[in-house]
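Chemist: I'd like to ask some things about the structure below.
The values are calculated or read from the model by the stated rules, or taken from the named source; none is laboratory data. The model shown is predicted, which means the values in this text are computed figures rather than measured ones. All Cβ positions, glycine included, derive from the backbone under ideal geometry; neighbour counts span all protein chains shown. Protein only, heavy atoms only, side chains kept; ligands, DNA and RNA dropped before computing areas. Shrake-Rupley method; radii C 1.70, N 1.55, O 1.52, S 1.80 Å.
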Amino acid sequence: MSSVSVALDNARADIKGSDGRLLILTQTLLIFFLLTLSLTSASVQRYLSDNLDSMLGADMAVTSYDALASDEVDMLTTLAARRSTTQLMTLTLAHKGAWQRAQLKLIDDIYPLQGELKTGASRSAEHVSRTRGPGLGEIWIGPRLSTKLKAAVGDVMTLGDTQLAVTAIVFHEPDRLMEGHSVAMRAMVHSASLKGANLDGTNNRYRYLLEANASERSAIEAWVAETLPAAEITKKDGGSHPLALFWQRTENFLGLASVILFFMAAVAVDMANRRHLVRQKHRLALYLSFGTRLSTGLKISLFQWGLGFIASLCIGTALAYVAEGFLIGQLADQFPGISWGWHTAALVKTTLLTLALLLAFQAPALWQLKSSSVASLIRAQDTPRATFLRTVWGFSSLAMLASFYSDNALLTGMTLAAMGGALLLMLLLTWLVLTFGELWARRRPGLLPFSFFMMKQRIFSKSTQILGLGLCGLLLLFTLMLMQDIRTSMDGYVRSNDGNLLISAAQPKHMKAIETWASSTGSVIRALRPFTNAQLVKINGAKLDDFVTKPSDTLSNVKSPIRLSWSEAVPDNNRVVDGNWWQPGEADWHRISAEPEVLTDLGLALGDTLTFQIDGKLHDFKLTVSHAFRPGRGSITFWFQVPPLMVTEVAPSVRYIGSMELPDAAWGTLDTLWQQFPDLSMVPLKELTARFDATLAMVTKLTVGFAAMVLLMAGVVIAASIKGFEADDRQKNGLLMSMGLGKRDCMKLSFYDWLITALIAGSGAAAGTWLAGLLIYQSQFSLAYSPDPAWLIGSVLVMCAVVCSIGLTYSRRSLSASVTDLLAD
Amino acid sequence: MQNQIELRKISHFFDTSDERINLFEDLSLTIKAGTTLAITGASGAGKSSLLTLAAGLETPKAGDIHIRVDGKTASATDMRAHSGFIFQHFHLMNELDALGNLALPLRLKGNKDAFDIARTWLERVGLSDRANHKPNQLSGGEQQRIAVARAFVTNPAFVFADEPTGNLDEITSGKVADLMFDFAAEGGGALVLVTHNRELANRADTSHHLAHGKLERTS
């Protein structure tokens, strides 16, 4: 009990000092950030799971990118109590000179299987519940599509050769959930209305909505797993929400962001701990001199730290709940009806993880405390190994955390490599600058040479300060640079594409019409590459979900059909990274090349066998080559490419992707092309830009929030770094003043000291940012990394100015004390 | 003897990057309860090192140290629980007031009456009116009086003092020395002190001079 009260006294005494407060502030901020993230995430997860129960429109849904064979459909009908078949495709609908890409749902007589449709006679009309979809010759359109096409109930729309009457505006479909976070404009027709229209839009899906009890559901599940490897099942019970993967990836990105914040917190804790540790060691040595056992002393220290953690936890948790409320409000557009919650499990899990990590930061300090001795009170003892231990331990625990959090091993590895490289560079620079600076200064009078001398004497502590500031600068610079470049690349998408109209999928039957239309309007076809839709279903004979266990963007993309292209030679905008490209006319068409990012994310290696479903049939390909994108020679590239002989052997449905340059006058006649071929997929780049803008707005919101967190943490790191070394500076200044130097001279000395520190740290941060850009940009974002030297140098100068100003402000404060006070320290 | 430390033929040295510095060889010394012992010597002679070895804070490079506490053989760690220290630089905790500093060893030993006992001791060293003053509000002499009381407050078997008057003027030194010797006599423990101060050393029951690695009894 006495130990507890001593620990309480110590904690109370420490919180009165700025070092103690800084430690608590750092911990509180970290807990606040991480809890906000996990509580918001838990709210979204709960929303997704509640939503699944009421928004599926069926007990179970089987989705396939190819139509099932009639015997397979019969089997589904036999296994389920009731079945409704729907088909979805993306088409361009044109009406009264306007056009719009929209998702068309083809339904049968049974739709909706469960729940009701809600429609109205106009966009503002009252919603009416309907138990049947549109009849023959009718089309129902969504309110946004109605606005865009200026189409109202009573109008007649043309789809290819078919005339359809708009009979309702559709507001709600009971199976809306299946579309996940898609905000595509929607229309609905009866499948019989388009019989013979021979439409083949992009993003084609067949969805079989089933009514089935538990035993029927498990029988269907088993049969689908066995017979339809490419099909996807969504269930009410225990199924995953279509938005879940999207959210999980968002969470993983935020997870990596948390790792960056953790790195900064680690630096701040290490800095703030520096003085705190000296005090703790002194305390412990004194306890030992009273005959207290080392274990008791350590217990007191640990308990005292625990009290600080609890204080941080209380404040951090309260703030996190407030922030959760704010963020839930922001997310209401994406997740309608989402609500705030306590989420005890998420709270406990995150608290334990934070506790474990903060304890890991404390481990080296405890190890150092263990070496406290009464002898250290009699004779000064130093433990230089501890700096090394702290650095290695901190870096290893954070590397482990990063790999635990991140879904992208390559990205995490590269981030860590860039940071490691920057750390080494800063160490080397510190040693070189201080050693040569001191050599230069040896026979020179003046304050700058004296600064070099002093800094060389304190090279150990100076290195820690430089590494901390440099790492913090690197993370801050990299975050800001990435934000700026993602914005620029999104804005610049128009310029990097050859042309102003993207042909995202054209069928051979469209090509003649496109060419004719192009020549009649003075448009130019700039690029065209053939592809077929292929869905990766197995890797080395194992199902995709069994082979790949970590979620990633790549995985979620390859779960849907991707574009599989072919080329005799290595395309101009590609280069071979590994393996050998096939020879012209090579007979083995079962070879395939993939991008390195795909290999990393899916855990593939050359020699693996990939099974693709093409037009309903399975084909094996052996992974023998890896190719990467080469910027600057056209933007159309493919994740997977095969030899051209595949086309002859498999005879797949061929599509083309490419771009066109339209003169201004041609835009007005585009609707004629689309009215004739609604399944021709072309996207004007300005429309694409508008979509990017919407995404950009969300990305900007996220990154601004994150940058604010990083900036706040950077402020704490700088304060911790300066406070951690204030005692040394006070002592130094006190001694110098006692030797006759004026305050002005001491300020000058402080300025030189901070300037050299900031210059080395800033250079390290800039070099690390450059290295991170070089490693990450091309491989992860397919962006050509072109560092702007002026921006980098400018950043270093701004960093120097900020660090020097804050440092000098502190120095001025410490100099305001009298010589006697300073010496008393 | 109930409490005793016996140093038998101990040798000690330390290595710098360039050379080995031998402090002493085959040195023997016995510290008995109820006695006071002073060690004098020039700076760098190894007095503080000898004190840390005797207090069991370090192990000699050669030779043995035998410790008996309450009539039984004890380890250095066991002895630590029955020891007190007085330092040249006082080493009071800045964040605690005079009373808190004095009560600290008692509280760490789980004594519920720590503050009451500490108050009595504060009175004994004549600093009752300074109970709520922080170390930076006390003079050097006052700080060392508290440090002395702190070393004796748990009634230890051994008290080790390293230059206890090194930072004090002559008059204050005398007062602090009085306290040390009085407390040692009352408690019945052993007091080992390392000092440059001949006058202080002469007040001990036995006095030794350490020079060139040899320990010579001077009184």
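Chemist: Let me confirm something: among A:SER556, A:SER565, which residue is surrounded by fewer than 19 Cβ atoms within 10 Å (Cβ to Cβ) and polar (S, T, N, Q)?
Modeler: A:SER556
Chemist: Return yes when A:THR28 is out of contact with any helix residue (DSSP H, G or I) (no Cβ under 8 Å at 6 or more places or on another chain), part of a helix (DSSP H, G or I) and at pLDDT 90 or above and no when it is not.
Modeler: no
Chemist: Could you please find all residues in the range A:547-603 being in contact with a strand residue (DSSP E or B) (Cβ under 9 Å, 6 or more places away or on another chain) and closer than 23 Å to A:ALA225 by Cα?
Modeler: Scanning the range A:547-603 gives A:PHE547, A:VAL548, A:VAL558, A:LYS559, A:SER560, A:PRO561, A:ILE562, A:LEU602, A:GLY603.
Chemist: Is there any pair with a first residue in the range A:588-606 that is touching a residue at least 60 places away in the same chain (Cβ under 8 Å) and in a helix (DSSP H, G or I) and a second that is charged (D, E, K, R) and buried (at least 19 other Cβ atoms within 10 Å of the Cβ) whose Cβ atoms are under 9 Å apart and which are 6 or more apart or on different chains, and what are they?
Modeler: Hits for this filter: A:ASP601/A:ASP407.
Chemist: Within the range B:76-94, which residues are outside any strand (DSSP E or B) and more than 7 Å from chain A (Cβ to nearest Cβ)?
Modeler: Selection gives B:ALA76, B:THR77, B:ASP78, B:MET79, B:GLN88, B:HIS89, B:PHE90, B:LEU92, B:ASN94.
Chemist: Return the residue satisfying two criteria in turn: it lies in the range B:25-44 and is outside any strand (DSSP E or B) and more than 14 Å from chain A (Cβ to nearest Cβ), and of such residues it is least open to solvent (accessible area, probe 1.4 Å).
Modeler: Checking each candidate, the answer is B:ALA33.
Chemist: Continuing with the same structure: Got at least one residue in the range B:167-181 being in contact with a Gly (Cβ under 8 Å, 6 or more places away or on another chain), over 27 Å from B:THR35 (Cα atoms) and within 14 Å of another protein chain (Cβ to nearest Cβ)?
Modeler: So far as the range B:167-181 goes, no, none of its residues is in contact with a Gly (Cβ under 8 Å, 6 or more places away or on another chain), over 27 Å from B:THR35 (Cα atoms) and within 14 Å of another protein chain (Cβ to nearest Cβ).
Chemist: Let me ask something additional. Which residues, taken from the range A:16-51, are within 11 Å of another protein chain (Cβ to nearest Cβ) and in contact (Cβ under 8 Å) with a residue 12 or more places away in the chain?
Modeler: The answer is A:GLY20, and nothing else.
Chemist: State yes or no: is B:LEU210 part of a strand (DSSP E or B), open to solvent by less than 10 Å² (accessible area, probe 1.4 Å) and either without any contact (Cβ under 8 Å) to a residue 40 or more places away in the chain or touching a Ser or Thr at 6+ places or on another chain (Cβ under 6 Å) (or both)?
Modeler: Taking the combined requirement at face value, the residue does not satisfy it.
Chemist: Can you tell me which residue within the range A:341-385, out of those that are part of a loop (DSSP other than H, G, I, E, B) and at pLDDT 85 or above, is most open to solvent (accessible area, probe 1.4 Å)?
Modeler: Across the range A:341-385, the extreme among qualifying residues is A:TRP342.
Chemist: Could you list, in sequence order, the residues of the range A:1-25 that are outside any helix (DSSP H, G or I) and either touching a strand residue (DSSP E or B) at 6+ places or on another chain (Cβ under 9 Å) or over 23 Å from A:ALA714 (Cα atoms) (or both)?
Modeler: Within the range A:1-25, just A:MET1 meets the criteria.
Chemist: Which one of these does A:SER295 not meet: (1) away from chain B (no Cβ under 14 Å); (2) assigned to a helix (DSSP H, G or I); (3) exposed (fewer than 15 other Cβ atoms within 10 Å of the Cβ)?
Modeler: (1)
Chemist: Right, next: Would the range B:103-111 turn up any residue that is modelled with pLDDT of 90 or more and more than 9 Å from every other protein chain (Cβ to nearest Cβ)?
Modeler: No; the residues of the range B:103-111 include none that is modelled with pLDDT of 90 or more and more than 9 Å from every other protein chain (Cβ to nearest Cβ).
Chemist: Name the pairs: first residue in the range A:449-472 and touching a residue at least 40 places away in the same chain (Cβ under 8 Å) and farther than 30 Å from A:ALA265 by Cβ, second residue of a type in the set (Gly, Ala, Ser) and surrounded by fewer than 21 Cβ atoms within 10 Å (Cβ to Cβ), Cβ to Cβ under 7 Å, at least 6 apart or on different chains?
Modeler: A:PHE452/A:GLY437; A:PHE452/A:ALA441
Chemist: Would you point out the residue of the range B:53-75, among those that are open to solvent by less than 40 Å² (accessible area, probe 1.4 Å), more than 10 Å from chain A (Cβ to nearest Cβ) and in contact (Cβ under 8 Å) with a residue 60 or more places away in the chain, that is nearest to B:SER11 (Cα to Cα)?
Modeler: Selected residue: B:ALA54.
Chemist: Grab the strands (runs of 3 or more DSSP E) fully contained in the range A:102-180, keeping just those with 1 or more residues being charged (D, E, K, R) and more than 35 Å from the chain's Cα centre (by Cα).
Modeler: Counting at least 1 such residues, we get A:117-120, A:128-130, A:138-141.
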